[in-house]
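Take a look at the structure below.
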Amino acid sequence: MANIASARKRARQGEKQRQHNASLRSELRTAVKDVIKAIAAGDKSAAGTVYQRAVSTIDTIADKNIIHKNKAARHKSRLAAAIKAMA
């Protein structure tokens with residue numbers, strides 16, 4: 001543990017930020033899983049609706065630099081392609 005007060009404070013702040021980032025990453029994963037479940041269910045319109053919500057979540061998390069913008073684009077692209085490929 002740090003000895004200097006400012007270092008102790010930075011350690012507290014860093015831990016709080018780490019937990020917040022972990023929460024946002026979990027939210028991202030849940031959003032992606034929801035789209036995958038909707039695709040697996042076979043309802044294209046429902047999948048499209050869930051996809052729109054997921055895109056909003058993905059963009060928000062990318063804007064906060066929790067994930068890289070290219071990773072966000074990759075997630076959105078793959079989900080969109082999967083929805084488009086539905087019969």
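The values are calculated or read from the model by the stated rules, or taken from the named source; none is laboratory data. Quick caveat, the model's predicted, so the values are computed rather than measured. Cβ atoms come from the backbone with ideal geometry, glycine included; neighbour counts cover every protein chain shown. Surface areas here come from the heavy atoms of the whole protein model, side chains and all, with no ligands, DNA or RNA. Shrake-Rupley method; radii C 1.70, N 1.55, O 1.52, S 1.80 Å.
Is there a residue in region 52-60 that is over 25 Å from Asn21 (Cβ atoms), assigned to a helix (DSSP H, G or I) and open to solvent by less than 70 Å² (accessible area, probe 1.4 Å)?
No, region 52-60 contains no residue that is over 25 Å from Asn21 (Cβ atoms), assigned to a helix (DSSP H, G or I) and open to solvent by less than 70 Å² (accessible area, probe 1.4 Å).
Out of all the residues in region 47-68, which are among the small types (Gly, Ala, Ser), touching a helix residue (DSSP H, G or I) at 6+ places or on another chain (Cβ under 7 Å) and without any contact (Cβ under 8 Å) to a residue 24 or more places away in the chain? If the condition is that a residue be among the small types (Gly, Ala, Ser), touching a helix residue (DSSP H, G or I) at 6+ places or on another chain (Cβ under 7 Å) and without any contact (Cβ under 8 Å) to a residue 24 or more places away in the chain, then Ala62 is the only one that fits. Across region 61-87, the number of residues qualifying as within 23 Å of Gln17 (Cα to Cα) and in a helix (DSSP H, G or I) comes to 7. Applying the condition of being of a type in the set (A, V, I, L, M) and over 22 Å from Ala82 (Cα atoms) to region 15-45 and asking which residue is surrounded by the most Cβ atoms within 10 Å (Cβ to Cβ) yields Leu24.
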